[in-house]
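The values are calculated or read from the model by the stated rules, or taken from the named source; none is laboratory data. A quick note: this is a predicted structure, and the numbers were derived from the prediction, not measured. In this analysis, Cβ positions are derived from the backbone assuming ideal geometry, glycine residues included, and neighbour counts consider all displayed protein chains. Remember, those area values only see protein heavy atoms, side chains included, never the ligands or the DNA or RNA. Shrake-Rupley method; radii C 1.70, N 1.55, O 1.52, S 1.80 Å.
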Amino acid sequence: MPEALRDDMTAAEIHLKQDGIKEALFEIRFETPVMPEAVIGRLTDAAAWADFAPTRLPTADMPHQMRMMDANLRFTPSYELAKAGSELIRIGPNSLSYHRMAPYPGWTEHAPALKQVVETLFTTITALTPVRLGFRYVNALNGSDHKIGSAADLALKVAAGEGEGFVPTSFALNYRHQNQPGHIEQVQVATPDYVQQQAGQPEFSVLVDIDIFTPDFYLVNGADNVLAWIDTAHSLLKDNFFKLLPAATIEELRIK
C-alpha cells in the first residue's frame, strides 16, 4: 500500500468512486472422467444459467482427441452463455470461465455471482479435479475518471543501472511474484500503443492487467476451497492495483 495510507486502511477497505475495470474474470481448468459431451451438455443446461443465451463457438466442432493433443486447445471453450451483454460464461470439456464486463457492479455483487458459478460447477460435474485457477481484472485508466492521464501519474518507475528510475512515455511492463504458496501474482502495465484495441472502445491512458493464478501442480479441491482461494486472490489483486496509484490519487478517488 502507499505509505500515506498504511496506518489508516488496507487495500481491501478502499472503494473507488469510479473504477476502471473493463473485465473481471475467473477461470477454472479441470480434469474429469465424464465424457466431453456430457460436461458441456450438463453445464450449458444448468438451471442457474437458464436466462443466459447460448452461442456455439468454433472449437465445438473440433474432435476431442485433437483438442487433447494440443495444449493451446485443450482448455479452449466450446460454448458461450451471455446475459445482457455484461456477464459471460464460457464452457469447454475441461474448463469454465466467468466474465463480468464493464460496468463492474462491485465486489459485494460480484462475489455472490462467483460463488454461484463455482457451486454450480461442482454440483453439476461432481467428478472433477481442478488443475488451474485464475482470477484476473483488466483496468483501463484515464485522466478524467482516475487522475491517470499518462504513465507518469502512476507510482511506478523503471530503473536501469544505478539510476534513480524514470517513467517511459511508451512501454509494456510485465512482472511476477509470489507471496502466498498457492497464488502467483502477475501484473502487466501498458500504454495504449502497446495494446490491441477493438473499434469503439473507450480511450484510456494506461492499461493495468492483474492476473492471480495457481502454480503448476498446486491442487485446490472442493468448492469451499476454491472460494477461499478466490477470496485471497481478490485481496492480492487489490494490493497489487493500489501499489500502482500514488497515495494522493487514492485519497482523491476513494469513497470516504
May I ask for the Rg/Rh ratio of region 1-123, computed from Cα atoms with Rh as the Kirkwood radius, given to two decimals?
1.08
Where is the GNM fluctuation largest for the chain (alpha-carbon springs, 10 angstrom cutoff): Gln116, Gln196, Gln18?
Gln196
What list of ³J(HN,Hα) couplings, whole Hz, do you get for region 246-254 from phi and the Karplus terms 6.51, -1.76, 1.60, once you set θ to phi - 60° and write x for glycine and proline?
x, 4, 5, 5, 4, 4, 6, 8, 6
Value of relative contact order over region 50-134, rounded to a whole percent, pairs C-alpha under 8 Å and six or more apart
19
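May I ask for the percentage of alpha-carbon pairs in the chain that lie more than 22 Å from each other?
Value for the chain (Cα pairs over 22 Å): 59 percent.
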Tilt of helix 223-243 relative to the longest C-alpha principal axis of the chain, in degrees (0 to 90, nearest 10)?
20
Ranking request for peptides 180-186, 206-212: highest mean number of other beta-carbon atoms within 10 Å first, then the rest in descending order.
206-212, 180-186
Anyone know which of Gly163, Gly92, Gly143 comes out most mobile in the 10 Å Cα GNM of the chain?
Gly163
Region 1-105, relative contact order in percent, only Cα pairs under 8 angstrom and at least six apart counted:
34
So what's the back-of-envelope 222 nm ellipticity for the chain, counting only DSSP H runs of four-plus at -39500 (n - 2.57) apiece and dividing by all residues, rounded to 500?
-7500 deg cm²/dmol
More than 15 angstrom apart: percent of Cα pairs within region 75-118
44
Where only protein heavy atoms count, and the probe is 1.4 Å, what is the accessible area per residue for the chain in Å²?
52
Can you tell me the mean projection area, over all orientations, of the convex hull of region 7-73's alpha carbons? Units nm², please.
8.7
Per the Debye formula with a single identical scatterer at each Cα and no solvent contribution, what log10 I(q)/I(0) holds for region 173-235 at q = 0.14 Å⁻¹?
-0.56
Kirkwood Rh and Cα-based Rg: tell me the resulting Rg over Rh for region 84-231, rounded to two decimals.
1.02
Shape box of region 209-252 [Cα atoms, principal axes, largest first, Å]:
41, 20, 11
Listed residues Leu236, Leu154, Leu73, most fluctuating in the chain (Gaussian network, C-alpha, under 10 Å)
Leu73
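Using only alpha carbon pairs under 8 Å that are at least six residues apart, calculate the relative contact order of the chain and give it in whole percent.
Relative contact order of the chain: 25 percent.
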Only sites in a loop by DSSP and with at most 15 other Cβ atoms within 10 Å count here; which trypsin sites (Lys or Arg not before Pro) in region 154-246 make the cut?
Lys157
